[in-house]
Amino acid sequence: LTLRRNSSLLSLALDGQPLPLRSGQQQPPHGHARPGGAAAMFECEQANLSRMNLGPLSAVVLGSLLEGNTALRSLNLYRNKLMRIGGVARALSESSSALTSLDLAHNQLGPAAGFELAVALQSNMALTAVSLYSNYVGEGAAAALWASARRHPQLLELSLVSNGISVQAREILRESTY
């Protein structure tokens, strides 16, 4: 799935929610294409897609929109229903990704998404803050994320609060040196 540089696409709706194309742009006259199409939405530095009820297929589309993006610095996907992040994780794995802040809190992600993000963190050196608050990634994925974070020179904040991690596992992670 590739949506980059579709010059005839004027709007994009994910899970019935219209996504804002580049803020501050005027709508083109009827019959004329907006330069850059849907990918232009992410030519800004920040994208707030929180509370849009985005689901699993949206993660695939978002991943396609993020591929090769060098402008977006902050992506807020707080409180959606993504349930998986495969496309987003693959885009984050690109060395060209400039994303420094990613908020995935309250997205019902689970362990598989936690492991995918742990792999992405190994090659993405731009991220400085990642929130996975309340996604129930579990102890195994939390340990993998923690291990990736420890080897990540730029990552300053990794939120794993409310992720189904036992007190014992939290103590083990806390005792390991960040």
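The values are calculated or read from the model by the stated rules, or taken from the named source; none is laboratory data. Small disclaimer: the values here were computed from a predicted structure and weren't measured. We place every Cβ from the backbone using ideal geometry, glycine too, and count neighbours over all the protein chains shown. Surface accessibility is based on the protein's heavy atoms, side chains included, excluding ligands, DNA and RNA. Shrake-Rupley method; radii C 1.70, N 1.55, O 1.52, S 1.80 Å.
A cut-off under 13 angstrom between Cβ atoms defines the neighbours of Gln108, and their net charge, with Lys, Arg +1 and Asp, Glu -1, is +3.
Once the chain from Glu45 to Arg170 is taken as fully extended at 0.36 nm per residue, the excess over their C-alpha distance is 41.6 nm.
What a 1.4 Å probe finds exposed on region 110-178 is 58% carbon and sulfur by accessible area, rounded to a whole percent.
Sequence-ordered 3J(HN,Hα) estimates for region 91-97 from the Karplus curve with 6.51, -1.76 and 1.60 and θ = phi - 60° stand at 5, 5, 6, 5, 5, 7, 4 Hz, glycine and proline given as x.
Annotation: amide H-H contacts under 5 Å for Ser159 (H modelled 1.01 Å from N, sequence separation of 5 or more, or interchain): Val130, Ser131, Leu132.
For region 105-113, the Karplus equation 6.51 cos²θ - 1.76 cosθ + 1.60, evaluated at θ = phi - 60°, returns couplings of 4, 6, 10, 6, 6, x, x, 4, 5 Hz by residue, with Gly and Pro reported as x. Applying 0.36 nm per residue to the separation of Arg150 and Ala98 and subtracting their alpha-carbon distance, the gain on full extension is 16.7 nm. Neighbours of Ala118, meaning other residues whose beta-carbon lies under 15 angstrom from its beta-carbon, give a summed charge of +2 when Lys and Arg score +1 and Asp and Glu score -1.
The residues of region 87-135 expose, per residue, 34 Å² of accessible area to a 1.4 Å probe. What the phi angles of region 64-74 give under the Karplus curve with 6.51, -1.76 and 1.60, with θ = phi - 60°, is a coupling list of 5, 5, 7, 4, x, 6, 10, 9, 5, 9, 9 Hz, glycine and proline written as x.
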